[in-house]
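Colleague: What follows is a single structure, and I will ask about it in a moment.
The values are calculated or read from the model by the stated rules, or taken from the named source; none is laboratory data. This is a predicted model, so every value here is computed, not measured. Cβ placement follows ideal geometry from the backbone for every residue including glycine, while neighbour counts extend to all protein chains displayed. SASA here: full protein model, heavy atoms, side chains in, ligands and nucleic acids out. Shrake-Rupley method; radii C 1.70, N 1.55, O 1.52, S 1.80 Å.
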Amino acid sequence: MVLVGATGAVGTEVLRILEQRDFPVDELVPVASPRSVGRKLRFRGGDLEVVGLQQKVFEGADLAVFDVSEELSLEWAPVAAESGAVVIDKSAAFRMDIDVPLVVPEINADQVRNPPKGIIATPNCTTTAMVMPVAALHRKWTVNRLVLATYQAASGSGQPGVEELWEQTQLAVKEPDAVREGRAGDVIKGGDTFVHPIALNVIPKCGSVKDDGYTSEELKLCHETRKIMGLPDLKVTATCVRVPVVTGHGVAVHAEFDSAVSLEHARALLAEAPGIELADDVGAHDYPTPLRATTQDACYVGRIRRDLFDDRALEFFSVSDNLRIGAALNAVQIAELLI
Ligand SMILES: NC(=O)c1ccc[n+]([C@@H]2O[C@H](COP(=O)([O-])OP(=O)(O)OC[C@H]3O[C@@H](n4cnc5c(N)ncnc54)[C@H](OP(=O)(O)O)[C@@H]3O)[C@@H](O)[C@H]2O)c1
């Protein structure tokens, strides 16, 4: 197996999950940028030496997991596939390609067999946190509209995003008076990853700006959900917001269905759905939070309510560890299906 982007936020988690799930690997080749070449990564009690990205690393490999930027995946995933490896790609490079299956194992595992281009894509981590419970409910009631608001962690922007949050938080802690007096903005400034300060702030823009004022993350939620669920006309609208959380993406979901929904039945469907953990007793302070979901392999769903004015609509809040669900875990689950 070749792991491209082994030193990044998702790649590090892939190594951890391969160990935790005892995934059978004869040889694991970690690949990263030239600045990491020669670095040692711990794996199963030994050291793996990071190598650079070149065609020969894929020779003889049956599986290549890509945890790098869209640009690098676009260039190198086909090279890996041509060398005979099945590629599992976590970037957005191939997600909307009609010859590339977009897979959430709990929903459409059947699509991993014989991918036409030798490439299987995994969805955006926010899409996964939302589509798992929506798909579970869709088995009973046909979903026809989703209105979403996301609460996305800094690690969704990779390791540099986490470092920016951490550095700004430390600066703010050193200047408590400025923070108390409402002058935190004088102490912490935006960085390379987030234009505005991410510590002590929320930023209602994730990804790049696209048509009609939407961002790339908002459009991914729409298009990827349609593809995964096989519902090309599903109406999806979203506002994506970055929050000062290290790991764990939250999504507030308003889901409209074709007929009246039963709260009790919705809870039962979610409770029995694979990969979902109900956290739905608000009176007992039982609801999903990022800290609860971090390092866990479940998508937590709670605050489930019927719309006050529409008996065909449900509200709920869903949270999952963005580095695992919809990223590293998703990829390892796909690899398990392939073997
Ligand atoms: N973070 C998430 O929550 C999340 C969730 C789902 C999907 N994704 C997607 O997964 C991919 C990886 O994201 P991430 O968050 O793990 O990013 P990241 O933390 O920034 O890691 C990027 C990785 O790419 C490597 N890299 C950079 N330039 C390279 C080059 N020229 N050749 C080879 N390797 C190179 C880096 O190596 P160095 O360490 O040497 O720089 C690092 O291992 C992205 O496409 C992202 O959109 C991320």
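Colleague: Work out the length of the dipole vector of the stretch 64-183 about its Cα centre, built from +1 on the beta-carbon of each Lys and Arg and -1 on the beta-carbon of each Asp and Glu, and round it to the nearest 20 debye.
Modeller: Dipole magnitude for the stretch 64-183 comes out near 700 debye.
Colleague: Residue-wise, which Karplus ³J(HN,Hα) couplings in Hz belong to the stretch 60-68, taking 6.51 cos²θ - 1.76 cosθ + 1.60, θ = phi - 60°, and x for glycine or proline?
Modeller: Listing the rounded values in order: x, 7, 9, 9, 10, 9, 9, 10, 10 Hz.
Colleague: Please compute the net charge surrounding Arg305, taking Lys and Arg as +1 and Asp and Glu as -1 over other residues with Cβ under 10 Å from its Cβ.
Modeller: -1
Colleague: Okay, next question. Could you state the accessible area per residue of the stretch 71-145 in Å², with a 1.4 Å probe and every protein chain left in place?
Modeller: The answer is 37 Å² per residue.
Colleague: For Leu338 and Val246 in the same chain, what is the full-extension length gain: residue separation times 0.36 nm, less their Cα-Cα distance, in nm?
Modeller: Details: separation 92, 0.36 × 92 = 33.12 nm, distance 3.15 nm.
This chain segment gains 30.0 nm when fully extended.
Colleague: Mind checking the full-extension length gain between Asp110 and Asn144? Use 0.36 nm per residue of separation minus the Cα-Cα distance, one decimal, nm.
Modeller: 9.9 nm
Colleague: Among Gly161, Gly60, Gly213, which one shows the highest mean-square fluctuation when the chain is modelled as a Gaussian network with alpha-carbon springs under 10 Å?
Modeller: Gly213
Colleague: Using a 1.4 Å probe over the heavy atoms of the protein chains, calculate the carbon and sulfur portion of the accessible area of the stretch 1-58 as a whole percent.
Modeller: Taking all protein chains in place, the stretch 1-58 shows 45 percent carbon and sulfur surface.
Colleague: Still on this structure: Sticking with the crude label model, points 7 Å out along Cα→Cβ, report the distance from Asp26 to Val282 in nm, one decimal please.
Modeller: Rounded to a tenth, the inter-label distance reads 5.5 nm.
Colleague: What number comes out for accessible area per residue over the stretch 157-297 if the probe is 1.4 Å? Units Å², please.
Modeller: 54 Å²
Colleague: Ok, one more. For the modelled label position 7 Å from the Cα of Ser259 along Cα-to-Cβ, which residues of the stretch 110-143 have backbone nitrogen atoms closer than 16 Å?
Modeller: Under cut-off, by backbone N: 137-143.
Colleague: Just His223, His196, His138 to compare: in a GNM of the chain, with alpha carbon springs under 10 Å, which one fluctuates most?
Modeller: Sorting by GNM fluctuation, first place goes to His196.
Colleague: Scan around Glu277 for amide H atoms under 5 Å from its own, H built in the peptide plane at 1.01 Å from N, and keep only partners 5 or more places away or cross-chain.
Modeller: Amide H neighbours of Glu277: Cys299, Tyr300, Val301.
Colleague: Hey, what did the stretch 1-160 get for relative contact order, percent, Cα under 8 Å, at least 6 apart?
Modeller: RCO, the stretch 1-160: 18 percent.
Colleague: Leaving out ligands, DNA and RNA, and with a 1.4 Å probe, what % of the accessible surface on the stretch 152-264 is carbon or sulfur?
Modeller: 53 percent
Colleague: Another question, if that's okay. So, in Å, what gap is there between the alpha-carbon centers of the stretch 223-272 and the stretch 68-87?
Modeller: 30 Å
Colleague: Any chance you could tell me what percent of the C-alpha pair distances in the chain go past 39 Å? Can you show the working numbers first?
Modeller: Numbers: 8425 of 57291 pairs.
That tail contains 15 percent of the Cα-Cα pairs.
Colleague: What does the charge count near Gln296 come to, summing +1 for each Lys or Arg and -1 for each Asp or Glu among other residues with Cβ under 11 Å from its Cβ? Kindly include the intermediate steps, with their values, before the conclusion.
Modeller: Details: positive: Arg292, Arg324; negative: Glu277, Asp297, Asp321.
Neighbourhood net charge equals -1.
Colleague: Whose amide H sits under 5 Å from the amide H of Lys205, counting only residues 5 or more places off or on another chain, with H placed in the peptide plane?
Modeller: When sequence neighbours closer than 5 places are left aside, the close amide H contacts are Arg242.
Colleague: Would you list, by chain and number, the lysines whose Cα falls below 26 Å from the Cα of Lys117, excluding same-chain residues fewer than 8 positions away?
Modeller: List returned: Lys56, Lys90, Lys220, Lys227.
Colleague: Taking 0.36 nm per residue of sequence separation and subtracting the Cα-Cα distance, how much length would be gained by fully extending the chain between Glu49 and Leu200, in nm to one decimal?
Modeller: Difference between extended and current length: 50.6 nm.
Colleague: Give me, ordered by chain and number, the residues 5 or more places off Val86 or on other chains with an amide H under 5 Å from its own placed amide H.
Modeller: Leu63, Ala64
Colleague: Right, next: Can you give the relative contact order of the chain as a percent, counting alpha carbon pairs under 8 Å and 6+ residues apart?
Modeller: Relative contact order for the chain comes out at 19 percent.
Colleague: For the pair Asp233 and Lys174, how long in nm is the line joining their label points, each one 7 Å along Cα→Cβ?
Modeller: Spacing of the two 7 Å Cα→Cβ label points: 5.9 nm.
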